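*Asks:* First, the structure itself, so that you have it in front of you.
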Amino acid sequence: MSSKIVLWGATGYTGTRVAEALVARGAEPVLAGRDHERLATLGATLGGLPTRVADVGDPQSLETLLGAGDVLVSTVGPFSEVGGAAVGAAVAQGAVYLDSAGEPAFVRRVFDEHGPRAERTGAALLTAFGNDYVPGVLAGALALRDARAAGGEPKRVDVGYFVQREEPTRNEPQHGTGKGQGFSRGTLRSLAGAATAPGYAWRGGTLRAEPAGARMRTFDVAGRPRHGVTIGGVEQFALPRLEPGLRVVDVYLGWFGSASGIVHATSGASALLHRVPALGRAVSGLAGLATGRASEAPDPDTLERTTSSFVAEVFDPAGTLLARTRLTAPDTYTITAGLLAWGATRAAEHGVRGTGALDPVGAFGLDELTTGAACAGVVPDTR
């Protein structure tokens, strides 16, 4: 018998997308959140799904929804501010936990702080199980497998995340909420938080503190040069587990286009924000005001014209390229909803491998993860 799936944050934009994807996979999740009326409306729309009220300010309200082996999916963010409640509930109850986080500081907290406690209670934690950062982990693992098969000695992996958007035709009508907006308000808030929070990198065979944007490089993406700047991800935890000899794992975010150079040039400023808490709070407040003007949902017309690309390159000690993997996919929200729905249903039906803070390959195996990613539209780029 399958374990119960609880979706917390179901009425938000990402949460609703995940709920729809779960139902499409035949699941009947319990929809949880703080607004009873919105939950009831969504539950009725999706065929009469059960609903429960749970609030971030009352962690026990979430704990009571879970039992050992149940699956909790959280889309409630910003995770660095409010994500700890869901992780704590899963750890306390020995549940399987997945989330849509993309914030490096929160990801590191799950691995460093919550992971050891989860091992003791039998919980399994899979943070950032969406566009951030499953495709990069998958691409890196596939490239490492190819490099080993060719007899190479992998020492460095570079992973890049990119989005491409087709320009609308001149007479194309724009019907979406937040006309032209490519990200939800929640995503924009998370990005703003990541820019002012401590970052990290895998350098010299160990995890080190490093501000976001500290390095920049160019990738070949669909035949075009694209810039990316470094960011903390799950890859810095996952790939060294697969290849203990790795000395460097860098994750590059290529969402900034021509502004990548500015992000890179100002990366040192984030260290100042950490040393001067009052300044950090002021910058975070200004970022919150700016993102507060954004629409809750991205523009669907913009998402329809969006595709995602992921590149992983493996190098030997001399810097010679050993293997390259390219993946392509739809927009970030389709990816995230599809991955969380697949991961939750797979975990509910078959469990996961291990306890504590897990990475996607370790939890499901490379072949199973490849199949699951394809269900979310993440497939090899054959161009």
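The values are calculated or read from the model by the stated rules, or taken from the named source; none is laboratory data. Computed from a predicted structure; not experimentally measured. For neighbour counting, all protein chains shown are included, and Cβ atoms are generated from backbone atoms with ideal geometry for every residue, glycine included. With ligands, DNA and RNA removed, areas are computed over all heavy atoms of the protein, side chains included. Shrake-Rupley method; radii C 1.70, N 1.55, O 1.52, S 1.80 Å.
*Asks:* Filter region 78-100 down to the residues that are in contact (Cβ under 8 Å) with a residue 24 or more places away in the chain, within 18 Å of THR11 (Cβ to Cβ), assigned to a loop (DSSP other than H, G, I, E, B) and out of contact with any Lys or Arg (no Cβ under 7 Å at 6 or more places or on another chain) and list them by number.
*Replies:* SER100, the sole residue that qualifies.
*Asks:* Of the conditions (1) at pLDDT 95 or above; (2) within 28 Å of THR230 (Cα to Cα); (3) open to solvent by 40 Å² or more (accessible area, probe 1.4 Å), SER80 satisfies every one except a single condition; which number is it?
*Replies:* (1) is the only condition that SER80 fails.
*Asks:* Could I ask something else about it? Scanning for something at positive phi and open to solvent by 20 Å² or more (accessible area, probe 1.4 Å), does region 309-321 turn up at least one residue?
*Replies:* Kept after step one, since they are at positive phi, are these residues of region 309-321: 319.
If we keep only those that are open to solvent by 20 Å² or more (accessible area, probe 1.4 Å) too, we end up with 319.
Yes: one or more hits.
*Asks:* So, SER100, is that one under 16 Å from the mean Cα position of the chain (by Cα), open to solvent by 20 Å² or more (accessible area, probe 1.4 Å) and polar (S, T, N, Q) or not? Write out each step before concluding.
*Replies:* Values: under 16 Å from the mean Cα position of the chain (by Cα): yes; open to solvent by 20 Å² or more (accessible area, probe 1.4 Å): yes; polar (S, T, N, Q): yes.
Yes.
*Asks:* How many residues are open to solvent by 10 Å² or more (accessible area, probe 1.4 Å) and either aromatic (Phe, Trp, Tyr) or touching a residue at least 40 places away in the same chain (Cβ under 8 Å) (or both) if we restrict to region 9-32? Walk me through it before giving the result.
*Replies:* Step one: list which residues in region 9-32 are open to solvent by 10 Å² or more (accessible area, probe 1.4 Å), which gives 9, 11-14, 16-17, 20-21, 23-28, 30.
If we keep only those that are either aromatic (Phe, Trp, Tyr) or touching a residue at least 40 places away in the same chain (Cβ under 8 Å) (or both) as well, we get 9, 12-14, 17, 20-21, 24-27.
Of the residues in region 9-32, 11 are open to solvent by 10 Å² or more (accessible area, probe 1.4 Å) and either aromatic (Phe, Trp, Tyr) or touching a residue at least 40 places away in the same chain (Cβ under 8 Å) (or both).
*Asks:* Out of contact with any Leu (no Cβ under 9 Å at 6 or more places or on another chain) and at pLDDT 95 or above: which single residue out of GLY160, GLY122, GLY152 fits that description?
*Replies:* Values: GLY160 fails: out of contact with any Leu (no Cβ under 9 Å at 6 or more places or on another chain); GLY152 fails: out of contact with any Leu (no Cβ under 9 Å at 6 or more places or on another chain).
Criteria check complete, one pass: GLY122.
*Asks:* What tally of residues in region 204-240 results from selecting those that are in contact (Cβ under 8 Å) with a residue 60 or more places away in the chain, outside any loop (DSSP other than H, G, I, E, B) and open to solvent by 60 Å² or more (accessible area, probe 1.4 Å)?
*Replies:* Residues that pass the stated criteria total 1.
*Asks:* Next up: Would you confirm, using the coordinates I've provided, whether PHE111 is open to solvent by 10 Å² or more (accessible area, probe 1.4 Å) and assigned to a helix (DSSP H, G or I)? Outline the logic, then answer.
*Replies:* Working: open to solvent by 10 Å² or more (accessible area, probe 1.4 Å): yes; assigned to a helix (DSSP H, G or I): yes.
For PHE111, the condition - open to solvent by 10 Å² or more (accessible area, probe 1.4 Å) and assigned to a helix (DSSP H, G or I) - is met.
*Asks:* On to the next question. Report every pair of residues separated by at least 6 positions or lying on different chains whose Cβ atoms are under 8 Å apart, first residue within region 241-270 and at positive phi, second not in a helix (DSSP H, G or I).
*Replies:* Close Cβ pairs satisfying both conditions: GLY257/HIS227.
*Asks:* Working only within region 342-377, note down all residues that are of a type in the set (Gly, Ala, Ser) and assigned to a loop (DSSP other than H, G, I, E, B).
*Replies:* GLY351, GLY354, GLY365, ALA376, GLY377
*Asks:* What's the total number of residues in region 130-161 that are more than 17 Å from ARG326 (Cβ to Cβ), assigned to a helix (DSSP H, G or I) and in contact with a helix residue (DSSP H, G or I) (Cβ under 9 Å, 6 or more places away or on another chain)?
*Replies:* Here the count works out to 0.
*Asks:* Moving to a separate point now. Only residues that are open to solvent by less than 10 Å² (accessible area, probe 1.4 Å) and acidic (Asp, Glu): list them for region 33-44, please.
*Replies:* none
*Asks:* Out of the residues in region 330-383 meeting the condition of being within 15 Å of the chain's Cα centre (by Cα) and of a type in the set (S, T, N, Q), tell me which one is farthest from GLY233 (Cα to Cα).
*Replies:* THR334
*Asks:* Filter region 300-335 down to the residues that are outside any strand (DSSP E or B), at pLDDT 95 or above and either of a type in the set (Gly, Ala, Ser) or farther than 19 Å from GLY102 by Cα (or both) and list them by number.
*Replies:* ASP316, PRO317, ALA318, GLY319, THR320
*Asks:* Looking at region 336-383 only, could you name the residues that are among the polar types (S, T, N, Q) and modelled with pLDDT of 95 or more? Give the derivation first.
*Replies:* Step one: filter region 336-383 for residues among the polar types (S, T, N, Q), giving 336, 345, 355, 370-371, 382.
Answer for region 336-383, where residues must be among the polar types (S, T, N, Q) and modelled with pLDDT of 95 or more: THR336, THR345, THR355, THR370, THR371.
*Asks:* So, in region 50-64, of the ones that are assigned to a loop (DSSP other than H, G, I, E, B) and closer than 14 Å to HIS36 by Cα, which residue ends up modelled with the highest pLDDT?
*Replies:* Applying the first criterion (assigned to a loop (DSSP other than H, G, I, E, B)) to region 50-64 yields 50, 54-58, 64.
Adding the requirement that they be closer than 14 Å to HIS36 by Cα leaves 50, 54-55.
Details: PRO50: 97, ALA54: 93, ASP55: 89.
Here the answer is PRO50.
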